[in-house]
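The values are calculated or read from the model by the stated rules, or taken from the named source; none is laboratory data. This is a predicted model, so every value here is computed, not measured. Backbone-built Cβ (ideal geometry, glycine too); neighbour counts: all protein chains shown. Only protein heavy atoms, including side chains, enter the accessible area calculation; ligands, DNA and RNA are left aside. Shrake-Rupley method; radii C 1.70, N 1.55, O 1.52, S 1.80 Å.
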Number of protein chains: 4
Amino acid sequence: MSFGESHGAAIGCVVDGCLPNIELDESIIQKDLARRKPGQSAMTTPRAENDACKILSGVYKGKTLGTPIAVVVENLDQHSDDYNDFADKYRPSHADYTYDAKFGFRDPRGGGRSSARETIARVIAGSIAKKCLGDSVEIRAWVESVHSISMPFAENIPSIEDVESSPMRCPHKATSEKMVEFIKKIKSEGESVGGVIHCKISGIRVGLGEPSFDKLSAELAKAMMSIPAVKGFEIGAGFASARLFGSLNNDSFYAENGKVKTRTNNAGGILGGISSGQTIDFKVAFKPTATITKEQTTIDKNLNETKIIGKGRHDPCVLPRAVPIVEAMAAIVLFDFALIQNSRTNFSI
Amino acid sequence: MSFGESHGAAIGCVVDGCLPNIELDESIIQKDLARRKPGQSAMTTPRAENDACKILSGVYKGKTLGTPIAVVVENLDQHSDDYNDFADKYRPSHADYTYDAKFGFRDPRGGGRSSARETIARVIAGSIAKKCLGDSVEIRAWVESVHSISMPFAENIPSIEDVESSPMRCPHKATSEKMVEFIKKIKSEGESVGGVIHCKISGIRVGLGEPSFDKLSAELAKAMMSIPAVKGFEIGAGFASARLFGSLNNDSFYAENGKVKTRTNNAGGILGGISSGQTIDFKVAFKPTATITKEQTTIDKNLNETKIIGKGRHDPCVLPRAVPIVEAMAAIVLFDFALIQNSRTNFSI
Amino acid sequence: MSFGESHGAAIGCVVDGCLPNIELDESIIQKDLARRKPGQSAMTTPRAENDACKILSGVYKGKTLGTPIAVVVENLDQHSDDYNDFADKYRPSHADYTYDAKFGFRDPRGGGRSSARETIARVIAGSIAKKCLGDSVEIRAWVESVHSISMPFAENIPSIEDVESSPMRCPHKATSEKMVEFIKKIKSEGESVGGVIHCKISGIRVGLGEPSFDKLSAELAKAMMSIPAVKGFEIGAGFASARLFGSLNNDSFYAENGKVKTRTNNAGGILGGISSGQTIDFKVAFKPTATITKEQTTIDKNLNETKIIGKGRHDPCVLPRAVPIVEAMAAIVLFDFALIQNSRTNFSI
Amino acid sequence: MSFGESHGAAIGCVVDGCLPNIELDESIIQKDLARRKPGQSAMTTPRAENDACKILSGVYKGKTLGTPIAVVVENLDQHSDDYNDFADKYRPSHADYTYDAKFGFRDPRGGGRSSARETIARVIAGSIAKKCLGDSVEIRAWVESVHSISMPFAENIPSIEDVESSPMRCPHKATSEKMVEFIKKIKSEGESVGGVIHCKISGIRVGLGEPSFDKLSAELAKAMMSIPAVKGFEIGAGFASARLFGSLNNDSFYAENGKVKTRTNNAGGILGGISSGQTIDFKVAFKPTATITKEQTTIDKNLNETKIIGKGRHDPCVLPRAVPIVEAMAAIVLFDFALIQNSRTNFSI
């Protein structure tokens, strides 16, 4: 359960269902928030968010109690005035109009509830979920492409060092540099770009996910599509599998050291909605940032035509900052399914 | 809530939360089931499913009571013997292994719970949801591509006649014929193919969908990804928007006859997770049918290597029969969100 | 998820979340249904319900698959004509009026969805829950009082034999006989009576129930209050504890053979909403059957005053047949909480 | 969703599903919190809780946004040292032992999560629910009895003035004075007492509540039983109806000015789980405060026998402060059901 508007008093979440006796304090969460923080490089918004989190409940002497964990981040450094111009204008491809129509009015400051600042709550909850999942699970996301610039295919999961050493969170150095150059250029032109994030997860046991509506792949899709700016999701071979013959797309089983494995992984680690023990592998498409500094035509709330030029601090490309958000949402989904599966495993009364 | 294994006594569902006083009887549901039915053409499995549905509750004198509607379809014409060979073998890219690992054992007849026959329940529920949404909402899905054969871009929503007159449910006649030829050929080679279904929905008011985790786009993604064989989902421009500049991807607002519209619809009719009143527009990628009649290598449950050749009646390409399933899942999601939004609209105590 | 109207095609339920690999077949469920069945004695309605259940899904070769279990009971021996008189009249203390007002119309035959015949679904689900809980858990309910006739206080849980050998399901023989005489008398006068069912549960480990809103005691209360005709619920000393001093009401802890016990059990086996390992102990108050054969004043749906005399087959006292329903609802609640608690116990990924 | 331990950083809640455009600010909530506050009289704990609430989200310019409303109350004036003695001892009829057993450890300061201080969150949420329900709904609870002292039967709903002018929140002046004397006496003896709260609600339209498991009466029971120290719940005639004949218990319908009414209200305003438009009427039994200053026998976490004497600031009788909590929980339940019923009323797409 998350809450908070961009320029309200605070952003935060309450995480219920956490395991008891798990080590947790603000510093653990803060490390993940630092990766989401704006102002990490020229590629991201200069909004200097401190984003210092505070745990309000559910933790005692550095351990989780098993009861709801509330964490808040106060909103500081707000430039609400930046948004005065926009209060009555519907910014193209933003949620101003739909919020107005749905709720009758909205908080226009910084996008209010529809601001991507809401993802702070996701990173916090993901941080807690990762602690519950433990060290044997590795969730790694990275920027695979920005606009038309893609990194070459890589068989293995990139190392965290290779991802984090790139300002783009693209583990392929040459590609990362090209992306940086490209974004600097389009930023100076008032433009924005999108791209694709790739995520692989190892260490997940076979058996997570429910058969019909609550497939692991379905919940991952929902979780990713709920992230602001996401427009597409694919698991394993995804859209490409629509162009493969069955004999090529099928992943042959074999056994190695008593473990079931597949020679290919077009399924992306999920069969019939249930984790197969292979690497979970999915991609997420992000649209270009809706806020651009080029002039655009739009209407105001009285339906009069008007012009708009983006102000406010924003990212020309959200991808690098979205990497920890994708990881966080994956961790939340996986931990939820792990709890469900654990409920029926070794059941005892 | 759906239930049923492929070769068990029955498949069915219980739909709770339906509006009262809505016209409903078996014939209305049967019409939708007929579109999902196997054996409609050479493109689909010859399994001659009668799929006659029976309403067990929730309807009185042809009107819904507002209480749970249970509908069942008995499983007849089962050739369970076709599956004897497979009881101990893990069919590649099927859910045999993950079900065994998750539950300890499984019903091997016809894929048991993981059979696509489970989608009968989805079509039934979708039929009820469509009746609740009413005639002003038009949900139209069609086969846009099969393997590498794609129909040309079409601006408008195809007519139901154009879709249904094609055995492929592809409204572009020439493309449909090419697809038919192609599938006949690959079938004779023991192969299978996948493809992409496109869906557009008109008549949805602005305001459906919830701001953060339960975005309309996120629930649509989950619903589609929960359909057997689906590997990808994209809304509006989807993965292509990752390659557009912001100024091109943004949809400019304008007003026409007091209605808010956008000049393009890259957003796919959803802004900030909330329907904008524009046409909802998404695509769903299906992998090739996992069952093929070519020999494949796999393992049995004792982890011994073995060979497998597909038997059982199956579709070389599931796309045409998946069209009504995509429409059904869309209807279910939309009606659920319509109920939620209606709960706060014109609230009275 | 339950469904079904009294005189519709069938009553049934779908049970999701059941453990896999649990022994289950129709005969196990039928045994519990037999205890709920009407026509067991002069004390109950002569409606000769066969109530033969059929498992439609979720069970294979006598074992649960872990997927949804659908079970239906067809409605036979319906005397819908008995209700023709009532179609437009609002029977006092029945749900005719509120259903009409809520849904706009209703199925008047046999009370439709509001009929106590709906409890068939509860008994079926309870039967499955009991199998999942296993033999170490003993759930025993009995009729403690009917109108002003109460059995004497009993320290121990009565045996199933003592309960079942009484047509009243009152384990105290002399009281049971008095109840029988009393009910025969009031029945001949066209009257009905209520009473109190007592339920004790042993074998529940410490730790079931959630801290705040989802206390074990709260969910038990909801479950019991959802049974038709129930008007009150109390746990442990219940309303009597409102008249005790703290020093008398408090249950002193002591240890015996390494087990924590309490010298009294005013808490009814639940502390802070969580099972304490002591016997769970609660009481449920049932109102007298609303249908009586005495003439009553009421109104019809046009709000005109009218008279009504009960017809249809009904019980002058529902208590004996409600005993298995109370046990079933308790089993459902306990198994749900056992799953939740098991999800965090011995968690492994 | 509530969170917070007694001596943690804060207590609070997040309320999702609130109507947009409802007037709300801290002062509105604070008024309700003042009624729950300790230290209102000699009858309550001297803990001087400031309980100043702060709205963190969901409200803009004094109006609700329709998005989650987070409200927190910081924990000040904590005397955690009072609880040092108890960290290892299991206080009788407290949740120390069950929390330890369930979660492996607990926050012993002030009862941690099991403290009645958690009810702050309930009062906050109730305050918001009452604003959404509007002024036409009147929810009035009062103390009807303390130990063996009961006020006389009153036909009408007591006025808020009569309730609030009594330090006991008992609207019958003479009874209130007797209760005060009695509690002063038992407090001096180190004792505690319980009692019964009566609640009546007017202005609720016919139709709230769902037919089977989610009856309005069932959810009210759950909500009340989830309040700390509650041991019993009854609706309308409740346990007394178990001793009435059907002809006496049944509430005859009549019509007045086109409205359906009943001559008696033994049903407590709910028929078949659905509000009938009559006054909703229920009672809640509270046990005596578990903390007493008399010496008690108990065990410590190593299962050694020990003695315990209550310290910490506590109420000898929680009833007066529980009145606003009962009202709050009723408001939450009613608003939830009003949303559900509104979703199907005047449905439009």
- [ ] Convert each backbone phi in the range B:262-276 into a coupling constant with the Karplus relation 6.51 cos²θ - 1.76 cosθ + 1.60 (shift: θ = phi - 60°), then list the ³J(HN,Hα) values in order as whole Hz, x for Gly and Pro.
- [x] 10, 6, 10, 9, 5, 6, x, x, 9, 10, x, x, 10, 4, 9
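Out of the GluC sites (Glu not before Pro) in the range B:92-156, which ones are loop residues according to DSSP with at most 15 other C-beta atoms within 10 Å? Numbers along the way, then the final one.
Numbers: sites: B:Glu118, B:Glu138, B:Glu144, B:Glu155; in loops: B:Glu155.
Qualifying residues, ordered by number: B:Glu155.
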- [ ] Shielding by partners for B:187-200, please: the mean number of other protein chain Cβ atoms within 10 Å of each residue's Cβ.
- [x] 3
Task: Angle between chain C longest axis and helix C:26-36 axis [Cα atoms, degrees, rounded to 10] - done: 70
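Counting heavy atoms of the protein chains only and a 1.4 Å probe, report the per residue accessible area for the range B:2-344 as a whole number of Å². It would help to have the intermediate numbers written out before the result.
Values: 11370 Å² over 343 residues.
Result: 33 Å² of accessible area for each residue.
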Open item on the list: As I understand it, the dipole of the range C:79-234 uses +1 on the Cβ of Lys and Arg and -1 on the Cβ of Asp and Glu, about the Cα centre. Which of C:Cys170, C:Ala129, C:Tyr99 lies farthest toward its positive end?
Closed with: C:Ala129
- [ ] For chain D, restrict the atom set to alpha-carbon positions and state the Rg and Dmax in Å.
- [x] 21.1, 69
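Normalising by the residue count of chain B, find the relative contact order in percent from Cα pairs under 8 Å and 6+ residues apart. Let's see the in-between values first.
On the way: 701 pairs, mean separation 77.2, N = 349.
The normalised contact order for chain B reaches 22 percent.
Could you work out [θ]222 nm for chain A from helices alone, using -39500 (n - 2.57) per DSSP H run of at least four and dividing by all its residues? Round to the nearest 500 deg cm²/dmol.
Details: 8 runs with 95 residues, N = 349.
The helix contribution divided over chain A gives -8500 deg cm²/dmol.
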Task: Amide H partners (placed H, <5 Å) of A:Lys231, local residues excluded - done: A:Ala285, A:Phe286, A:Lys287
Open item on the list: Give me the inter-chain shielding for D:248-260: mean count of other chain Cβ atoms within 10 Å, whole number please.
Closed with: 6
TODO: Mind listing the label-point distances from A:Tyr254 to the same position on all other copies, shortest first, one decimal in nm, points 7 Å along Cα→Cβ?
DONE: 6.0, 6.8, 8.7
- [ ] Sort out for me the Cα centre separation of the range C:194-237 from the range A:202-276, rounded to whole Å.
- [x] 42
- [ ] Any chance you could give the angle, 0 to 90 degrees and rounded to 10, that helix A:216-225 forms with the longest Cα principal axis of chain A?
- [x] 10
Task: Alpha-carbon centroid distance for the pair the range D:311-349 / the range B:116-137, whole angstrom - done: 36
Task: chymotrypsin sites (Phe, Trp or Tyr not before Pro) lying in DSSP loop within the range C:151-238, provided at most 16 other Cβ fall within 10 Å - done: C:Phe153
Task: Mean Cβ count within 10 Å, highest first, over the residues of peptides A:127-134, D:172-179, B:191-198 - done: B:191-198, A:127-134, D:172-179
Task: aspartates and glutamates with Cα under 14 Å of A:Lys178, excluding same-chain neighbours fewer than 8 positions away - done: A:Glu144
TODO: Work out from phi, with θ = phi - 60° and the Karplus expression 6.51 cos²θ - 1.76 cosθ + 1.60, the ³J(HN,Hα) of each residue of the range C:281-286, listed in order in whole Hz, and give x for Gly and Pro.
DONE: 9, 9, 10, 10, 9, 10
Task: Straight-distance crosslink candidates among aspartates and glutamates, where the alpha carbon sits under 13 Å from B:Lys222 and sequence neighbours closer than 8 are dropped - done: A:Glu210, A:Asp214, A:Glu219, A:Glu234, B:Asp214, B:Glu234
Open item on the list: Using a 1.4 Å probe and counting only protein heavy atoms, how much accessible surface gets buried when D and A come together, both sides summed, in Å² to the nearest 100?
Closed with: 2700
Task: Label-point separation in nm, D:Arg263 to C:Phe105, each point 7 Å along Cα→Cβ - done: 3.2
Open item on the list: Taking each residue in D:277-288, count the Cβ atoms of any other chain within 10 Å of its Cβ, then average. What number comes out?
Closed with: 4
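Using the Cα centre as the reference, give the magnitude of the dipole from point charges on the C-beta atoms of the range D:283-349 (Lys, Arg: +1; Asp, Glu: -1; all else neutral), rounded to the nearest 20 debye.
Details: 9 positive and 6 negative charges, 21 e Å.
Using only the charged Cβ atoms, the result is roughly 100 debye.
In this model, which of B:Lys63/D:Lys259; A:Lys130/A:Lys187; D:Lys37/D:Lys130; A:Lys54/A:Lys231; C:Lys31/D:Lys287 are farther than 29 Å apart at the alpha-carbon? Intermediate values should be presented prior to the final figure.
Values: B:Lys63/D:Lys259 27 Å; A:Lys130/A:Lys187 34 Å; D:Lys37/D:Lys130 19 Å; A:Lys54/A:Lys231 32 Å; C:Lys31/D:Lys287 39 Å.
Table pairs above 29 Å Cα-Cα are A:Lys130/A:Lys187; A:Lys54/A:Lys231; C:Lys31/D:Lys287.
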Task: Selected from C:Gln296, C:Gln30, C:Gln278 as most flexible by GNM, with chain C as the system and alpha-carbon contacts under 10 Å - done: C:Gln296
Open item on the list: Once the convex hull of the alpha carbons of the range B:270-325 is built, what does its volume come to per residue, in cubic angstrom?
Closed with: 154
Open item on the list: Sequence gap at least 6, Cα distance under 8 Å: using those rules, report the relative contact order of the range C:185-335 to the nearest whole percent.
Closed with: 36
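Carbon and sulfur atoms: what percent of the 1.4 Å accessible area of the range C:102-154 do they account for?
Working: 760 of 1530 Å².
That share works out to 50 percent.
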Task: Diffusion constant of the protein assembly as shown at 25 °C, which comes from Stokes-Einstein with the Kirkwood Cα-pair radius and 0.890 mPa s, µm²/s - done: 75
- [ ] Could you compute the FRET efficiency for A:Lys184 and A:Lys311, with r as their C-beta to C-beta distance and R0 at 25 Å, rounded to 0.05?
- [x] 0.80
